[in-house]
Structure formats: C-alpha cells, structure tokens
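To start, the structure under review is shown below, and the notes come after it.
The values are calculated or read from the model by the stated rules, or taken from the named source; none is laboratory data. Since we're looking at a predicted model, the values are computed, not measured. Cβ atoms come from the backbone with ideal geometry, glycine included; neighbour counts cover every protein chain shown.
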Amino acid sequence: MSSTSTNKQPMMIDRPFLRGASITSATATVSPTNPSFGNLVQLVRVGDVPSEDAAIVEDLFIVSNEGYPNDGGVRACALGIYVYAPNQANPSTASSLLINKVTVGLSGDTEGLIQRIELPKSIAPVPAVGDTNLNRPVELGANESMYLEKGYILAVGYLGDSPVAESGGLSASGITVWAQGGFY
C-alpha cells in the first residue's frame with residue numbers, strides 16, 4: 001500500500017471542499033465534443049497548492065434557481081461534465097474529456113431541489129453493503145466517486161437548451177453546479 005508525498009495513508013482527506021459555480025443564459029455555450037477550455041466553468045483544480053497530491057469528488061449535483069411554472073412548457077438545459085487532463089502521449093498538451101452529459105429540468109417543481117449527477121463507481125471497498133442474494137451485489141453496493149490526479153481540472157460546459165426543451169432553457173436566474181469532496 002502506498003502513501004502520498006505528505007506521508008498520508010491513501011484516502012486520508014486533508015481539506016474537504018464544497019465548490020460551486022453559477023451557469024446562466026449569459027454563460028458561453030461549448031461544443032460537446034471539443035470544448036474550448038476558456039469557455040468551461042471550472043469546479044475543482046488539483047495541484048494549486050504544493051501539498052495537494054490528488055482529490056476525490058464524492059458528490060456532484062445541480063440546484064436550479066429557475067422558477068418556471070409547471071404549465072409553462074418543457075424547459076431544460078444541457079450540460080457536459082469534463083475532466084481537463086494532460087495528454088498521456090504528449091504531456092505538454094491537455095484536452096477536455098467528456099465524462100457525462102446531463103439534462104437539467106427547469107420547471108417549478110425542480111426549483112431549489114438537488115439533482116444528482118451520476119459519477120463512476122469507485123474501486124474503494126464498501127464495508128457491510130451488498131446482499132449476495134442479489135444479481136449485482138457489487139454494483140449495487142458500490143460507492144460513486146471520481147479521483148482527480150494532480151494537474152487535473154473538473155469543469156462544466158454549458159451546451160445550451162436540451163433537445164427535450166420545447167419552450168426554452170436557462171434565464172438569468174440559472175442553475176448552480178456543486179462538487180463536494182476533498183484534497184489529499
């Protein structure tokens with residue numbers, strides 16, 4: 001079992017974080033497949049402090065500030081969740097890698113409610129969960145989290161109105177995207 005450069009055991013969080021960013025109709029839209037880094041909204045940067053070896057994002061969620069009435073048509077926006085990471089084949093370059101696309105409902109019923117974004121399954125062991133009688137005990141008993149190495153940036157890209165939107169998308173009220181986790 002390895003430790004970090006500050007001699008901590010794996011996954012011993014030094015500094016918990018809760019980072020948020022607003023996205024409104026004034027936020028620049030990005031190309032889903034090749035977004036410009038300057039137009040992405042950064043949530044978590046790893047390595048700004050020399051003692052940061054990595055980070056774990058345990059929860060990623062959205063809160064809508066939009067108060068559209070339920071009978072005002074279908075309103076939704078689309079977001080891309082990206083990890084801006086060094087290119088392993090050419091470390092002097094980096095690229096934005098899409099990890100999830102999300103449609104955010106903007107009706108009155110979702111105003112102020114947490115809308116969770118699915119994260120990858122973690123490889124960390126989960127104590128006392130899972131029922132071996134189930135068909136998928138490991139998958140159902142797993143945690144979701146995302147490990148970010150030093151130099152990685154977790155970012156959000158505004159993709160514009162969602163394809164399911166019939167009556168428009170974001171206004172100036174917008175949404176807030178949150179990331180919760182910790183540095184180690």
Item to complete: Please state which one of ASP109, ASP131 is part of a helix (DSSP H, G or I), of a type outside the set (S, T, N, Q) and either closer than 30 Å to SER51 by Cα or modelled with pLDDT under 80 (or both).
Response: ASP109
Discussion item. Taking the condition of being under 30 Å from GLU149 (Cα atoms) and part of a strand (DSSP E or B), how many residues in the range 59-93 meet it?
Written reply: 16
Worksheet entry | Residues that are at pLDDT 60 or above, in a loop (DSSP other than H, G, I, E, B) and either of a type in the set (Phe, Trp, Tyr) or surrounded by 11 or more Cβ atoms within 10 Å (Cβ to Cβ) (or both), drawn from the range 113-128 | LEU113, ILE117, GLU118, LEU119, PRO120, SER122, ALA124
Practice prompt. For the range 27-42, indicate whether the set of residues that are farther than 24 Å from GLY174 by Cα and either assigned to a loop (DSSP other than H, G, I, E, B) or of a type in the set (A, V, I, L, M, F, W, C) (or both) is non-empty.
Written response: no
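Identify, please: which residue in the range 43-58 is surrounded by 15 or more Cβ atoms within 10 Å (Cβ to Cβ), outside any strand (DSSP E or B) and out of contact with any Gly (no Cβ under 6 Å at 6 or more places or on another chain) and is, among those, modelled with the highest pLDDT?
Looking at residues that are surrounded by 15 or more Cβ atoms within 10 Å (Cβ to Cβ), outside any strand (DSSP E or B) and out of contact with any Gly (no Cβ under 6 Å at 6 or more places or on another chain), I get VAL46.
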Worksheet item: When only residues in the range 62-89 that are within 20 Å of LEU154 (Cα to Cα) and of a type in the set (A, V, I, L, M, F, W, C) count, which is surrounded by the most Cβ atoms within 10 Å (Cβ to Cβ)?
Response: CYS77
